[in-house]
């Protein structure tokens, strides 16, 4: 079935077409600006941009030294947004990130409680080594990520839009860590894995980082621009067969489901939930808009499937014993579902 034959009733206006062209140009400038500091990592930059414009949070996974923190801080530097970095440690308490009431001298001369905002009150929050935080602190982050608000001593406080949490996690060192529960992992739109650079990139990294100080990057976007682009992404048309493809793919990850392939059932303990379908569609919409497409294509779903589904597919001990991880399972499911489409 051709994509033009399966379009839903959604249509882009002429203004939206021009806005997508503008977003594509902004994204090209963003990549060029980050390229002044960040060597390689093109797929990672694309996935971070997708999270930003799709209003989703990202979990960056990689061994130490792959510039996870630098990448996020430089991404924030290209935007006129408030940025904060939280270094998670085992003794970090919820009030350390949300803020708390502090007794201070008031204007009337009497002492009164005043709320002091914590580092979570920013547009882009870098949660460094998030799995080092105890469960109570992770729960405070969970509320902020899901509800865009925090609650302190029973009082809710809204977080300003846009709001994006980019968390990092070290897969090597697990001593003194608190693994993120599946419920919190599901709040992350993407699991973004960083790999070692190739030899040429590693040489460029050495030249870039051992000379003069890194350059300051140009501000390309303001909060109002990002919100406008986020609203645009939601209006990108999706063909009906793409919705169907996304739902079929996710439903196949559930070992107790009728459509799960026989080979998957002994390898997967839990499959992805409905939020995975939502994130597949939103991620595909954002990718299409960033690349200047006026409609979501099958290749957009294929490109976001691994970062959307990998952390939502929980493997069994049998799979781990055979050296089969969630990424391999997702890729095989993608190939099978594509061949059936």
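Here are some notes:
- Crossing angle, helix 42-53 versus the chain [Cα axis fit, 0-90 degrees, rounded to tens]: 70
- Taking every alpha-carbon pair in region 6-119 and binning the separations at 10 Å intervals from zero gives 10, 28, 25, 18, 13, 5, 0 percent.
- Relative contact order of region 134-272, pairs being alpha-carbon contacts under 8 Å that are 6 or more residues apart, as %: 14
- For the pair residue 63 and residue 43, the difference between a 0.36 nm per residue extended length and the Cα-Cα distance amounts to 5.5 nm.
- Protection proxy ranking, highest mean first, for peptides 134-144, 47-57, 90-100: 47-57, 134-144, 90-100, where packing is the per-residue count of other beta-carbon atoms within 10 Å, averaged.
- For region 278-341, the alpha carbon positions stretch 44, 23, 17 Å along the principal axes, listed from largest to smallest.
- Cα gyration tensor shape for region 203-327, rounded if a/c is under 1.5, else prolate or oblate: oblate
- Taking region 231-283 and dividing mean pair separation by its residue count, relative contact order in percent (alpha carbons under 8 Å, at least six apart): 35
- Added length on full extension, which subtracts the Cα-Cα distance from 0.36 nm per residue, residue 338 to residue 80: 88.8 nm
- The long axis of helix 326-340 is offset from the longest Cα principal axis of the chain by roughly 40 degrees.
- Taking the C-alpha atoms only, the angle from helix 14-34 to the longest principal axis of the chain is near 70 degrees.
- If you wrap region 96-254 in the convex hull of its Cα atoms and look at it from every side, the mean projected area works out to 16.6 nm².
- Value of relative contact order over the chain, rounded to a whole percent, pairs C-alpha under 8 Å and six or more apart: 23
- Each stretch of four or more DSSP H residues adds -39500 (n - 2.57); spread over every residue of the chain, this sum gives -13500 deg cm²/dmol at 222 nm.
- Footprinting exposure proxy for 339, 84 (fewest neighbouring C-beta atoms within 10 Å first): 339, 84
- Each peptide in 314-321, 122-129, 278-285, 244-251 was scored by the mean count of other Cβ atoms within 10 Å over its residues; highest first, the order is 278-285, 122-129, 244-251, 314-321.
- Projected onto planes of every orientation and averaged, the convex hull of the alpha-carbon atoms in the chain covers 21.5 nm².
Readers should treat all values here as calculations from the given coordinates under stated rules, not as data from a laboratory. On a predicted model such as this, the values are computed, not experimentally measured, just so you know. Glycine gets a Cβ as well: all are built from the backbone with ideal geometry, and neighbour counts include every protein chain shown.
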